[in-house]
Protein chains: 2
Amino acid sequence: MPRTESCAPKSPSFISRDGYLVGWLRYVSNHVSQAFARKLEDRGVTVAEWAVMRELYGVDCLAPSRLAGQLGLTRGAITKLADRLVAKSLATRTPDASDARAQTLALTAQGRGLVPKLATLADENDAKFFAHLSAKERSMLERVLKDIVRIRNLKSIPVD
Amino acid sequence: MPRTESCAPKSPSFISRDGYLVGWLRYVSNHVSQAFARKLEDRGVTVAEWAVMRELYGVDCLAPSRLAGQLGLTRGAITKLADRLVAKSLATRTPDASDARAQTLALTAQGRGLVPKLATLADENDAKFFAHLSAKERSMLERVLKDIVRIRNLKSIPVD
DNA sequence: TATTGTTATACTCTATAACTATA
DNA sequence: TATAGTTATAGAGTATAACAATA
């Protein structure tokens with residue numbers, strides 16, 4: 001038997017129920033990421049690690065500070081993620097020949113081999129949450145998100 | 001002087017750069033929430049706390065377990081958030097008269113008074129990130145996000 | 001037995017800020 | 001001085017799972 005329903009809705013509400021995108025965004029992002037995290041678990045990789053691997057996959061190697069810029073994270077955060085990937089033998093750190101301060105991150109063969117498998121999981125996860133969208137909606141969602149990232153990147157180069 | 005650009009882009013890439021919504025979503029959500037968190041800081045409230053306050057604002061009171069369902073969180077998570085709101089005198093816990101196991105959460109007068117101010121901050125934050133969207137894009141984004149929440153809610157009633 | 005809420009525990013994610021070693 | 005990366009610290013945000021009280 002459900003509880004006595006003693007809590008009445010209040011009206012009028014002085015704040016709009018709509019126009020609160022942060023909330024919806026957070027809800028969706030959290031849940032989509034959580035579901036994805038479960039899928040990645042079997043492979044021993046976290047969502048943040050996957051994001052790094054994905055960036056590294058498209059290039060031979062990448063400087064941590066550039067990675068930070070691309071992912072919108074601090075250098076400290078990248079250090080930690082890189083630590084973990086290296087510990088798992090999925091990535092390597094190589095000192096830069098021309099600048100002793102700098103270094104370069106790259107996927108190992110193992111890491112490289114893993115990416116397509118993880119990408120499949122990502123696709124499955126995307127499908128699970130976004131399959132019901134029309135092609136038009138889907139592409140608009142994607143474009144809108146990318147635009148925001150782009151605009152953000154222009155405005156706030158890594159905070160740090 | 002920037003570093004030697006020794007990391008060439010790899011081609012062809014075997015995973016698509018597109019079709020990876022989790023990533024874009026996470027990026028945007030993290031950054032929008034982070035910016036919002038900074039705004040809320042002055043008021044001594046976190047983003048998750050704000051989400052709870054917002055739910056409570058529309059009703060007289062609400063059972064924690066229902067709140068968990070609405071926000072897509074576990075009961076344990078709600079307990080912690082409620083603890084904090086109560087500690088800040090923004091909300092109260094009241095035992096349910098008809099069921100000694102149950103209780104009810106409600107905003108205090110102070111909490112209630114704070115909500116519109118926080119809502120203004122939320123609106124400002126929304127504007128900062130989404131103002132460049134056309135009305136059509138904006139409403140589609142909102143609808144798409146809400147739809148996903150709705151569908152999720154139907155499918156996976158609180159995991160727990 | 002099932003349900004409500006709490007507690008204990010554990011992690012991920014991320015930031016800030018100070019620090020080291022170069023440049 | 002400025003830059004690249006690391007480290008130490010901290011806190012938010014969640015989950016899982018076991019538990020207590022009540023139904």
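The values are calculated or read from the model by the stated rules, or taken from the named source; none is laboratory data. All values derive from a computational prediction rather than experimental measurement. Please note: Cβ atoms are built from the backbone with ideal geometry, for glycine as well, and neighbour counts cover all protein chains shown.
Results, tabulated for the structure shown:
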{"item": "Selection count, segment B:35-78, where residues are within 15 Å of A:Gly23 (Cβ to Cβ), of a type in the set (D, E, K, R) and more than 8 Å from DNA strand D (Cβ to nearest atom)", "result": "3"}
{"item": "Filter result (without any contact (Cβ under 8 Å) to a residue 60 or more places away in the chain and facing chain B (nearest Cβ under 7 Å)) within segment A:59-75", "result": "A:Val59, A:Asp60, A:Cys61, A:Leu62, A:Ala63"}
{"item": "Where B:Val52 falls short, out of the listed (1) more than 18 Å from the chain's Cα centre (by Cα); (2) more than 10 Å from DNA strand C (Cβ to nearest atom); (3) within 17 Å of A:Cys7 (Cβ to Cβ)", "result": "(1)"}
{"item": "Close pairs (7 angstrom Cβ cut-off, 6 or more residues apart or separate chains): more than 8 Å from every other protein chain (Cβ to nearest Cβ) in segment B:47-58, small (Gly, Ala, Ser) anywhere", "result": "B:Met53/B:Gly111; B:Leu56/B:Ala91; B:Leu56/B:Ala106"}
{"item": "Some residue of segment B:109-117 being at pLDDT below 95, within 10 Å of chain A (Cβ to nearest Cβ) and more than 12 Å from DNA strand D (Cβ to nearest atom)", "result": "no"}
{"item": "The one condition in (1) free of Cβ contacts under 8 Å to residues at least 60 places away in the same chain; (2) more than 14 Å from DNA strand C (Cβ to nearest atom); (3) surrounded by fewer than 19 Cβ atoms within 10 Å (Cβ to Cβ); (4) more than 9 Å from chain A (Cβ to nearest Cβ) that B:Thr79 fails to fulfil", "result": "(2)"}
{"item": "All positions within segment A:31-58 that are modelled with pLDDT under 95 and surrounded by 19 or more Cβ atoms within 10 Å (Cβ to Cβ)", "result": "none"}
{"item": "Qualifying positions in segment A:83-109 - over 14 Å from A:Asp60 (Cα atoms) and away from DNA strand C (no atom under 15 Å from the Cβ)", "result": "A:Ser89"}
{"item": "Qualifying residue in segment A:128-139 (condition: surrounded by 18 or more Cβ atoms within 10 Å (Cβ to Cβ) and more than 10 Å from chain B (Cβ to nearest Cβ))", "result": "no"}
{"item": "Test: residue in segment B:87-107 that is within 7 Å of chain A (Cβ to nearest Cβ), under 21 Å from B:Leu25 (Cα atoms) and among the small types (Gly, Ala, Ser)", "result": "no"}
{"item": "When residues of segment A:85-101 are limited to those that are surrounded by fewer than 17 Cβ atoms within 10 Å (Cβ to Cβ) and in contact (Cβ under 8 Å) with a residue 24 or more places away in the chain, the one farthest from DNA strand D (Cβ to nearest atom)", "result": "A:Lys88"}
